[in-house]
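**Student:** One structure, pasted below without further comment.
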Amino acid sequence: MTERRPYTYVLLRYRHDPLAGEFANVGIVLHDAKSGFLGVRVRKTLGRLSAMFPGINGEALKGTLRSVQRGVQRLSKQEASGLLTSLADASKFAQRALPIDDSSFVWGPIGSGLSADPAQTLDKLYARFVSRYDEKTKANRDDAAVWKPVRDLLVERQIEDRLQAITIRSPLDHVEFDHAWKNGAWHCYQPLSFDLLSGESIRDKASKWAGQLLALENASEAFQPHFVVGAPSNPRLYDDYTKALAILQLGPGKPEVIEEAEISALVDRIETEIKDHEAVH
């Protein structure tokens with residue numbers, strides 16, 4: 001039987017008007033002290049916040065959330081090395097990443113539970129407390145579902161923590177990738193679900209990402225994009241899916257497209273490259 005270990009978690013809340021007292025959960029930090037796991041999930045889109053708080057500054061909000069995510073990820077690396085033994089629970093780590101002040105962001109009360117898989121529990125708590133009331137997307141599977149088998153293999157091989165969120169910037173735009181590691185250039189892995197309801201939405205999603213890559217053509221840092229793609233469950237949309245993959249490959253930077261049948265080989269390659277890189281450095 002898999003051991004269930006105690007964990008603590010804390011929610012990040014956004015207060016559009018601190019005097020009114022209304023808030024919405026926008027992120028979560030979870031800590032498993034025994035294994036040293038420290039994880040964070042934050043909103044990448046506004047979701048229902050636009051309807052709740054008209055006039056919200058979406059870019060400012062997402063910028064703060066990205067900063068919190070990066071802060072917790074830095075602390076996670078220090079926790080894994082045993083440098084932060086004085087921080088005993090999720091709340092302490094959260095407040096280190098975003099100190100308590102009079103801003104629109106506030107940490108909620110600490111919660112706790114037992115889990116054999118803290119990463120999976122983090123995802124479940126995020127869905128329960130943060131994204132639960134969002135409108136359902138027009139997809140049978142979302143991008144996170146496409147990434148899950150990759151994440152599971154990375155966890156199994158104990159290299160998931162080598163990947164981190166990175167923002168690639170150019171004079172025209174910036175794009176955040178949740179999964180990246182650096183070996184000379186940044187290797188950026190982006191899951192894309194094309195399990196959508198129409199051929200048009202499939203092609204539009206591919207065109208959007210090809211356009212973002214074009215805007216990053218003169219990025220300040222070298223990077224290599226890798227798209228992990230999920231096929232539509234409707235066989236009638238396979239022609240559009242094939243066109244979508246071709247659109248992605250037109251983007252600058254010679255993007256690699258990895259289909260789901262190739263995920264195991266992809267993780268084999270990531271593991272080998274990371275270990276070879278660490279052996280040299």
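The values are calculated or read from the model by the stated rules, or taken from the named source; none is laboratory data. These numbers were taken from a predicted model, which means no experiment stands behind them. We place every Cβ from the backbone using ideal geometry, glycine too, and count neighbours over all the protein chains shown.
**Student:** Which numbered condition in (1) more than 26 Å from residue 171 (Cα to Cα); (2) under 20 Å from the mean Cα position of the chain (by Cα); (3) of a type in the set (Phe, Trp, Tyr) is the only one that residue 241 fails?
**Tutor:** Of (1) more than 26 Å from residue 171 (Cα to Cα); (2) under 20 Å from the mean Cα position of the chain (by Cα); (3) of a type in the set (Phe, Trp, Tyr), only one is false for residue 241: (2).
**Student:** Tell me the residue from 68, 40 that is touching a helix residue (DSSP H, G or I) at 6+ places or on another chain (Cβ under 7 Å), assigned to a helix (DSSP H, G or I) and under 16 Å from residue 177 (Cα atoms), please.
**Tutor:** Only one candidate passes the filter, namely 68.
**Student:** Which of (1) crowded, with 17+ Cβ neighbours inside 10 Å; (2) touching a Lys or Arg at 6+ places or on another chain (Cβ under 6 Å); (3) among the small types (Gly, Ala, Ser) is the odd one out, the single condition residue 220 does not satisfy?
**Tutor:** Of the numbered conditions (1) crowded, with 17+ Cβ neighbours inside 10 Å; (2) touching a Lys or Arg at 6+ places or on another chain (Cβ under 6 Å); (3) among the small types (Gly, Ala, Ser), the odd one out for residue 220 is (1).
Matching residues to (1) within 18 Å of residue 257 (Cβ to Cβ); (2) under 16 Å from the mean Cα position of the chain (by Cα); (3) in the same structural domain as residue 48 (by TED's automatic domain parsing); (4) surrounded by fewer than 16 Cβ atoms within 10 Å (Cβ to Cβ):
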site	(1), (2), (3), (4)
171	no, no, no, yes
177	yes, yes, no, no
181	no, yes, no, no
184	no, no, no, yes
190	yes, yes, no, no
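**Student:** Out of the residues in the range 100-114 that are of a type in the set (A, V, I, L, M, F, W, C) and closer than 16 Å to residue 27 by Cβ, which is farthest from the chain's Cα centre (by Cα)? I'd like the intermediate steps shown before the answer.
**Tutor:** At the first step, the residues of the range 100-114 found to be of a type in the set (A, V, I, L, M, F, W, C) are 100, 105-107, 110, 114.
Imposing the further condition that a residue be closer than 16 Å to residue 27 by Cβ reduces the set to 100, 105-107, 110.
Working: 100: 24, 105: 20, 106: 21, 107: 20, 110: 23 Å.
The selected residue is 100.
**Student:** Quick check on my filter: what residues within the range 36-76 are more than 12 Å from residue 93 (Cα to Cα) and among the aliphatic types (A, V, I, L, M)?
**Tutor:** 42, 46, 49, 51, 52, 56, 60, 61, 65
**Student:** Residues in the range 144-169 that are free of Cβ contacts under 8 Å to residues at least 40 places away in the same chain, surrounded by fewer than 18 Cβ atoms within 10 Å (Cβ to Cβ) and part of a helix (DSSP H, G or I): how many?
**Tutor:** The number of residues fulfilling the criteria is 4.
**Student:** When the residues of the range 9-23 are narrowed to those that are surrounded by fewer than 22 Cβ atoms within 10 Å (Cβ to Cβ) and either touching a helix residue (DSSP H, G or I) at 6+ places or on another chain (Cβ under 6 Å) or among the basic types (Lys, Arg) (or both), which ends up farthest from residue 118 (Cα to Cα)?
**Tutor:** 15
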